[in-house]
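Enquirer: Below: one structure in structure tokens.
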Amino acid sequence: MDSIISLISTSITLLVLSASLHHHVHVRKNGPLPHASTLLKANNYLYAPASLLFFIALVCSFGPSGPLSGFGVDRLLHRFGTYVRTHDEQMRYIFHLSKIYEHIDILLVLATGGRIGWHFGFHHLTTPYLTYIRVLHHHTGWKLLASLNTLHHAFMYAYFGGVAHFRPILPFTGFLQLVVGLAGEGVLVYTKSNSKSADEQVVIWPHVVSLALLGMYFVLFALELMELAAMRKSGETKRNVLDRVNGGGGG
């Protein structure tokens, strides 16, 4: 899927299907769909290791590009990183497609009778636009934010798959990716705005769009955590609070 038209169509279609599923066809009239919780759990089980693998691949690609002597794990990781670097376009395309795939979270959460919070919904519906602009086409520095994002997702989907020990780290990894992303885009906007090079056209708008979306994610995530804290004071358990806020999905 390589056109903005396809992205718009996909988002609108999934949004309509989600609304219909949640408010009319099954959930509102008949309750949660059979096996929806099982499918949601299975998706979490699969997506957590997939995110971790992608994170490892990106981290390996940050290593030195020169030849490495010897054998063992270091050499294996070095060769893996070299392979990833030489297939950068394919990696960017996979990362973009993964954000489109994450729309399934919305469908599954609604199918279980869960609710979609502002951060959860806005993030899932707009991230493919962000990756289309800042990963597929204007991809300066994409690996850093993508690595932090996939690390956060590895912890988050593992938590919703049942690994409760990862719960305390989620706010940190969530904010870390957003703060680094905002800082990085700010530096790029400043650098390109003050660039005096006439050798190539300076394009700033993708970074401005990225700043706007990341800023919205940051605000909504902060508001979500504030809501979570307020719910805790009312006596709900941590697990129930986070499930209510996120609908059992992720950010």
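Yes/no per residue for (1) more than 14 Å from Phe221 (Cβ to Cβ); (2) out of contact with any Phe, Trp or Tyr (no Cβ under 9 Å at 6 or more places or on another chain):
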{"position": "Asn149", "(1), (2)": "no, no"}
{"position": "Phe155", "(1), (2)": "yes, no"}
{"position": "Ala164", "(1), (2)": "yes, yes"}
{"position": "Ile169", "(1), (2)": "yes, no"}
{"position": "Phe172", "(1), (2)": "no, yes"}
{"position": "Leu178", "(1), (2)": "no, no"}
{"position": "Gly181", "(1), (2)": "no, no"}
{"position": "Gly184", "(1), (2)": "yes, yes"}
{"position": "Val187", "(1), (2)": "yes, yes"}
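Enquirer: If you don't mind, another one. May I ask you to list the residues in region 8-40 that are surrounded by fewer than 12 Cβ atoms within 10 Å (Cβ to Cβ), modelled with pLDDT of 80 or more and in a helix (DSSP H, G or I)?
Expert: Matches in region 8-40: Lys29, Asn30, Thr38.
Enquirer: Does Ile106 satisfy being touching a residue at least 40 places away in the same chain (Cβ under 8 Å) and either surrounded by fewer than 21 Cβ atoms within 10 Å (Cβ to Cβ) or within 12 Å of the chain's Cα centre (by Cα) (or both)?
Expert: Working: touching a residue at least 40 places away in the same chain (Cβ under 8 Å): yes; either surrounded by fewer than 21 Cβ atoms within 10 Å (Cβ to Cβ) or within 12 Å of the chain's Cα centre (by Cα) (or both): no.
Considered against the rule, which asks whether it is touching a residue at least 40 places away in the same chain (Cβ under 8 Å) and either surrounded by fewer than 21 Cβ atoms within 10 Å (Cβ to Cβ) or within 12 Å of the chain's Cα centre (by Cα) (or both), Ile106 comes out as no.
Enquirer: Looking at the structure I just gave you, is His165 buried (at least 20 other Cβ atoms within 10 Å of the Cβ) and outside any loop (DSSP other than H, G, I, E, B)? Don't jump to the end; show me each part of the working.
Expert: Working: buried (at least 20 other Cβ atoms within 10 Å of the Cβ): no; outside any loop (DSSP other than H, G, I, E, B): yes.
Against the criterion (buried (at least 20 other Cβ atoms within 10 Å of the Cβ) and outside any loop (DSSP other than H, G, I, E, B)), His165 does not qualify.
A quick yes/no check of all residues on (1) buried (at least 21 other Cβ atoms within 10 Å of the Cβ); (2) aromatic (Phe, Trp, Tyr); (3) out of contact with any Leu (no Cβ under 8 Å at 6 or more places or on another chain):
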site: Asn149; (1), (2), (3): yes, no, yes
site: Leu176; (1), (2), (3): no, no, no
site: Ala183; (1), (2), (3): no, no, yes
site: Thr191; (1), (2), (3): no, no, yes
site: Ser195; (1), (2), (3): no, no, yes
site: Val202; (1), (2), (3): no, no, yes
site: Trp205; (1), (2), (3): no, yes, yes
site: Gly215; (1), (2), (3): no, no, no
site: Ala222; (1), (2), (3): no, no, yes
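Enquirer: Residue check: is Ile116 in contact with a helix residue (DSSP H, G or I) (Cβ under 7 Å, 6 or more places away or on another chain), closer than 22 Å to Tyr45 by Cα, buried (at least 20 other Cβ atoms within 10 Å of the Cβ) and β-branched (Val, Ile, Thr)?
Expert: On the way: in contact with a helix residue (DSSP H, G or I) (Cβ under 7 Å, 6 or more places away or on another chain): yes; closer than 22 Å to Tyr45 by Cα: yes; buried (at least 20 other Cβ atoms within 10 Å of the Cβ): yes; β-branched (Val, Ile, Thr): yes.
Yes: the conditions hold for Ile116.
Enquirer: Please list, ordered by first then second residue, the pairs with beta carbon atoms under 6 Å, 6 or more apart or interchain, first in region 36-50 and among the polar types (S, T, N, Q), second in a helix (DSSP H, G or I).
Expert: Correct list of pairs: Asn44/Tyr157; Asn44/Phe160.
Enquirer: For region 107-136, what are the residues that are aliphatic (A, V, I, L, M) and either over 22 Å from Gln177 (Cα atoms) or part of a loop (DSSP other than H, G, I, E, B) (or both)? Can you show your working first?
Expert: Step one: list which residues in region 107-136 are aliphatic (A, V, I, L, M), which gives 107-111, 116, 125, 130, 133, 135-136.
Hits for region 107-136 are Leu107, Leu108, Val109, Leu110, Ala111, Ile116.
Enquirer: Identify the residue in region 41-92 that is assigned to a loop (DSSP other than H, G, I, E, B) and closer than 20 Å to Ser147 by Cα and, among all such residues, is modelled with the lowest pLDDT. Walk me through it before giving the result.
Expert: From region 41-92, those assigned to a loop (DSSP other than H, G, I, E, B) are 62-72, 87; that's our starting set.
Next cut, closer than 20 Å to Ser147 by Cα only: 62-65, 87.
Numbers: Phe62: 82, Gly63: 68, Pro64: 63, Ser65: 55, His87: 85.
Restricting to residues being assigned to a loop (DSSP other than H, G, I, E, B) and closer than 20 Å to Ser147 by Cα, the top hit is Ser65.
Enquirer: Suppose the filter is surrounded by fewer than 16 Cβ atoms within 10 Å (Cβ to Cβ) and of a type outside the set (D, E, K, R); does Leu145 pass it?
Expert: Values: surrounded by fewer than 16 Cβ atoms within 10 Å (Cβ to Cβ): no; of a type outside the set (D, E, K, R): yes.
No.
Enquirer: For region 180-204, name all the residues that are of a type in the set (Val, Ile, Thr), farther than 29 Å from Tyr45 by Cβ and in a helix (DSSP H, G or I).
Expert: Taking region 180-204 as the starting set, the residues that turn out to be of a type in the set (Val, Ile, Thr) are 180, 187, 189, 191, 202-204.
If we keep only those that are farther than 29 Å from Tyr45 by Cβ too, we end up with 187, 189, 191, 202-204.
Across region 180-204, the qualifying residues are Val187, Val189, Thr191.
The values are calculated or read from the model by the stated rules, or taken from the named source; none is laboratory data. These numbers were taken from a predicted model, which means no experiment stands behind them. Positions of Cβ are backbone-derived with ideal geometry, glycine not excepted, and every protein chain shown enters the neighbour counts.
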